[in-house]
Amino acid sequence: MQTKMIDKQWSEKYPEVGKGPVSTEPNISPEYFELERDRIFRRHWINMGRVDEIPSAGKYFVRELEICKVSILVVRGNDDKVRAFHNVCPHRGNTLVLDERGQCPGRFGCGFHSWAFTPEGELAHVPDEENFFDLDKSKLGLTPIHCDVWEGFIFINLAPEPAETLREFLGGVATQLDGTPFSEMKLLKTYKVEEAANWKTGLDAQNELYHLPFQHRYTIGNALVMKDNKFCRFSNVNLYNYHSVWSCEYNPNATQLPTEAVMQRVDNALTDVRVKQRISDFDWYLIFPNMALLLFNGVSGDFFMTYNFWPIAVDKCVWEMRYHFPPAENVGQRLAQEWTIGRLRDTLMEDAFQHEKIQKGLAARARPDMVMQDEEITIRYFHEVIEREMARA
Ligand code: FES
Ligand SMILES: [Fe+2]
């Protein structure tokens, strides 16, 4: 049963959110970008990845958080704890780990003078140690970064003392999604796209359905339009302190793509993973500041995706997309998963192309602002939260 279309329902639900034009300056100003480093990315919890990427002791990955000019080593210790460190050797500042991911062979060895560190970050060995002056190895471990895990998602916080716990920061998102079987769905595909666009321009363009029947007319078509209307509208919107979620229903009368019916026939897994925390067929969470979490009602088993928009410069970002599916039980289901990945990849490539065109248009300063309708409320809210956080000295 599809939700009925009601005009301007979200601003009625959230009257405190503005209705006027939204400034383009945050998406194009180099000064604004410089301030975002300290006020957004050095202050708030930032998703690094998932615990599934480092399933056993000594497994690690390195994440370059370019806007903050830091390299972060995320590693599972022999005590099973996931920790984050500055990927910097405490001796003379060399970059410690050069690989993007791997297995620590007992110790992380620095390439410069071979100081060696345990996966728990302790300094274990110093060549020619006697020749130093009162060297206290216990004070020369890797520099830790605040790190916490929620439902398998690893977050870090670069603040010396974070103002709130990860749980407090996630607030209503965590309440809604606690217990979601994320770990039953495995990472099947990652795409990284370098875009000539501000990180918020990319995120904004994903944070609505208004464009779907137009920009994605050949890849998505009318799969998400309302049954009684040619437009897409949300079936639900929730705004939290930092974050937001919108949801929508699939169109039961959608025109199937030629291969879609075939895929539905072959996708015949016996068991499936179902997410009872799903609000509707498709939920799209913005997890402040730069992450989106997408939950889908899949044919045989739900699946989820994450986006991370990594800021590089005011007009450059990397859009990282990750697809997680339940483990395939047979060839048919595996084929259907690949088909889904391909369909979404084509759709998202249309978006990536568009992000750069939008950035170019905004940077021309033809207009100082953007007008937004009711179905763009989560973009508007995101910009209000950004402004609120940027105003905090
Ligand atoms: S800088 Fe790493 S051992 Fe000297
Ligand atoms: Fe899109």
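For Lys189, list the lysines whose Cα falls under 25 Å from its own Cα; do not include residues on the same chain fewer than 8 positions away. Within reach: Lys59, Lys200, Lys276, Lys316. Rounded to two decimals, the Cα-based Rg/Rh of the range 290-393, with Kirkwood Rh, is 1.06.
Across the chain, Cα pairs under 8 Å and at least six residues apart give a relative contact order of 21 percent.
What the Kirkwood sum gives for the range 48-168 is a hydrodynamic radius of 14.9 Å, with every pair of different alpha carbons counted. Mean residue ellipticity at 222 nm, helices only, the chain: -7000 deg cm²/dmol; runs of at least 4 DSSP H residues each add -39,500 (n - 2.57), and the sum is divided by the number of residues. If you take the Cα centroid of the range 366-393 and the Cα centroid of the range 239-312, the two points sit 25 Å apart. Among the GluC sites (Glu not before Pro) within the range 64-118, those in coil by DSSP and having at most 16 neighbouring Cβ atoms inside 10 Å are Glu100.
In this structure, the amide hydrogen of Thr24, modeled 1.01 Å from its nitrogen in the peptide plane, lies closer than 5 angstrom to those of Asp369, Met370, counting only residues at least 5 positions away or on a different chain. For the chain, the membrane-span-like helices by this rule, meaning whole DSSP H stretches whose C-alpha atoms cover at least 15 Å of axis and whose Kyte-Doolittle mean is -0.5 or above, are 377-390; this says nothing about an actual membrane. Within the range 30-72, find all residues whose amide N lies under 19 Å from a label point positioned 7 Å from the Cα of Asn94 along Cα-to-beta-carbon. The answer is 62, 71-72.
Sparsely packed loop sites in the range 101-150 (the chymotrypsin sites (Phe, Trp or Tyr not before Pro) outside DSSP H, G, I, E and B with at most 16 other Cβ atoms within 10 Å) comprise Phe112, Phe132, Phe133. Neighbour counting of Cβ atoms within 10 Å sorts the residues Thr340, Thr347, fewest neighbours leading, into Thr347, Thr340. Applying the Karplus relation 6.51 cos²θ - 1.76 cosθ + 1.60 with θ = phi - 60° to the range 116-121 yields 3J(HN,Hα) values of 10, 10, 6, x, 8, x Hz, where x marks Gly and Pro. Around the amide H of Val88, modelled in the peptide plane, lie the amide H atoms of Leu96, Thr143, all under 5 Å away and 5 or more residues distant in sequence or on another chain. Once backbone amide H atoms are built at 1.01 Å from N, His146 has Asn157 as its partners under 5 Å, excluding neighbours fewer than 5 places away on the same chain. Sequence neighbours fewer than 8 away in the same chain don't count; with that in mind, list the aspartates and glutamates whose C-alpha is under 13 Å from Lys357. Correct list for Lys357: Glu195, Asp315.
Averaging 1/r across all pairs of distinct Cα atoms in the range 168-308 and inverting the result yields a Kirkwood radius of 16.6 Å.
Counting every pair of alpha carbons in the chain, the share spaced more than 35 Å apart comes to 31 percent.
Computed from the coordinates by the stated procedures, all read-outs in this text should not be read as laboratory data. All of these numbers come straight from a predicted model, not from anything done at the bench. Methodologically, a virtual Cβ is constructed for each residue, glycine included, from the backbone with ideal geometry; neighbour enumeration extends over all protein chains shown.
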